[in-house]
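No value in this document is a laboratory result; all are computed from the given coordinates. Not measured: the values here are computed from a predicted model. Because the Cβ atoms are built from the backbone with ideal geometry, glycine has one as well, and the counts that use them run over all protein chains shown.
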Amino acid sequence: MIVKGPLINLENRDIKSILLIQLGDIGDLVLTLPAIETLRANFPKAHLAVAVREKAAGLLQDHHAVDQVLPVDRHKHGAKGLWHQLKLLVSLIFRRFDLSIELRTGTRGAVLSAVSMAQIRIGRHGNDDRLRELCFTHIVKPASETGQYAAQHNLNILEPLNLNCVSPLIPALSIPNERFSAVTAKLKNLLPKPEKPILVVHPFSIWHYKELTAQQYQYIFSHLAAAYDVNLVLTGSPDERPRAQALIDSSRLPNVNMAGKTSIMEMACLLQLACLVISIDTSAVHIATAVQTPTVSIFGPSSTLNWAPRGDLHRVVTHSMSCIPCSKKGCDDTEKVPCLHGLAPELICDEIDTHIQKMESLLPGRNLMRHSPS
């Protein structure tokens, strides 16, 4: 529902330059890809710039629909930080945007939209913040997004433009062949069995209440190593590398620690190379979905309706507790998560095995798994 500004008649508008602002995490940017494709399809000749958090910018560096990526880093301070902000402001002012769209409810994105001085500035309604709403000519307050896939949430904000949305809603990310080949060559020197398939496990999140326990992971690793003749690869951020190594050491298995060893685009390449990605509710699931790799995702308090991948390639494991999804940071925001830590690792492994069998029949040419010889 549009709560500020009229429906826009694009026949009377010459949209030559568009600013899309998505300052969420990496997974949020992946789920914005259908909105990016929709803007490109409806404005094929317009200059499309996307403002994103700096850590996510690499995902769009080769994207066919994006002409310019504007990294935003709120953590830089001093002279370096000031120079970063000045460059960003100059880019916004001198591009002379005709249209800006801010997808979230934060103050920073609203300010960037206002600074762009675009004639049309569309934003999401956010808690009756009057000062923030002054930054926009149009504000959208979706009626209900409870049962919607999060990618649709971003498309909802395009409502004032009355566009033809692209289909399907599933995010898609294409990787240039040369970049894919470089990551493949890099991996061959690290994998203990380079001729075998790669199975990726992504065990960590910036939100610890989304994680399993070390004991659950150890059981899962042991099961995978015993059942499948693959390279077990752990992924994560640079800060998570010591934790990944601790899991590997405690499991006493030849897992490969790739946490912190890849750029964000190299991470996407690695996930595309994988036969399967096993992950908690985090960006790895969304990236794997976008590069069409099968996933098993393990969810706790978060809504699977909003955040779990769609389609036959993906399987979701979650507890049967009646209180989920609570969408809180654990029980009463205490980060205690019985809905995750109470999941029997045997159940998780059964779900993984079932999905692997399904994928072997659904994608026979992908060489998903090779069972270890008995």
Quick one: which residues, 5 or more positions from G24 or on another chain, have an amide H under 5 Å from its amide H? H modelled 1.01 Å from N in the peptide plane, none for Pro or chain starts.
R53
Mind running the shape call on the chain? Use the C-alpha gyration tensor, a ≥ b ≥ c as the square roots of the eigenvalues: rounded below 1.5 for a/c, prolate if a/b tops b/c, oblate otherwise.
prolate
Give the longest segment of the chain that steers clear of GluC sites (Glu not before Pro) in DSSP loops with at most 14 neighbouring Cβ atoms within 10 Å, not counting the sites themselves.
196-374
Would you kindly state how much longer the chain becomes between I93 and E178 on full extension, computed as 0.36 nm times their sequence separation minus their alpha carbon distance, in nm to one decimal?
27.1 nm
Quick shape check on the stretch 138-234: root eigenvalues a ≥ b ≥ c of the Cα gyration tensor, a/c under 1.5 is rounded, otherwise prolate if a/b tops b/c, else oblate, and it reads oblate
Just grab the label-to-label distance for T354 and A246, each label 7 Å out from Cα along the Cβ direction, in nm (one decimal).
3.3
Please give the length that would be gained between N9 and Q148 if that part of the chain were fully extended, namely 0.36 nm times their separation in residues minus their C-alpha to C-alpha distance (nm, one decimal).
47.3 nm
Taking a straight Cα-to-Cα line shorter than 20 Å from K193, and setting aside same-chain lysines fewer than 8 residues away, one finds K261
Violations at 19 Å Cα threshold for listed pairs K210/K329; K55/K328; K186/K210; K4/K141 -> K55/K328; K186/K210
So if the hydrodynamic radius of the stretch 194-315 is defined as the Kirkwood radius over C-alpha pairs, what does Stokes-Einstein give as its diffusion coefficient at 20 °C and 1.002 mPa s, in µm² per second?
149
What residues qualify as long-range amide H neighbours of S17, i.e. H under 5 Å apart, gap of 5 or more or another chain, H built at 1.01 Å from N?
H47, D98, L99
Tell me the angle of helix 78-95 to the major Cα principal axis of the chain, expressed in degrees between 0 and 90 and rounded to the nearest ten.
60
How far is the Cα center of the stretch 176-244 from the Cα center of the stretch 313-366, in Å?
18
Taking θ as phi - 60°, what are the ³J(HN,Hα) couplings along the stretch 11-23 by the Karplus curve (6.51, -1.76, 1.60), each to the nearest whole Hz, with x for Gly and Pro?
5, 9, 10, 10, 8, 9, 8, 10, 10, 10, 10, 9, 9
Length added when fully stretched, L253-S327, from 0.36 nm per residue minus Cα-Cα
23.2 nm
Please label the shape of the stretch 293-353 as rounded, prolate or oblate, based on the square roots a ≥ b ≥ c of the eigenvalues of the alpha-carbon gyration tensor (a/c under 1.5 means rounded; beyond that, a/b larger than b/c means prolate, else oblate).
oblate
How high is the relative contact order of the stretch 10-153? Use alpha-carbon pairs under 8 Å, at least six apart in sequence, and give a whole percent.
23
From phi via Karplus (6.51, -1.76, 1.60), per-residue ³J(HN,Hα) for the stretch 349-357 in Hz, x at Gly/Pro:
5, 4, 5, 5, 4, 4, 5, 4, 4
The chain: antiparallel DSSP beta bridges as a percent of all, rounded to 5
5
As an exercise, take the mean of 1/r over every pair of distinct alpha carbons in the stretch 1-153, invert it, and state the Kirkwood radius in angstroms.
15.9
Could you list which residues have their amide H under 5 Å from that of I298, counting only those 5 or more apart in sequence or on another chain, with H placed in the peptide plane?
S279, I280, D281, V317
Which aspartates and glutamates have a Cα lying under 16 Å from the Cα of K45, excluding residues fewer than 8 positions away in the same chain?
E11, D14, E37, D67, D98
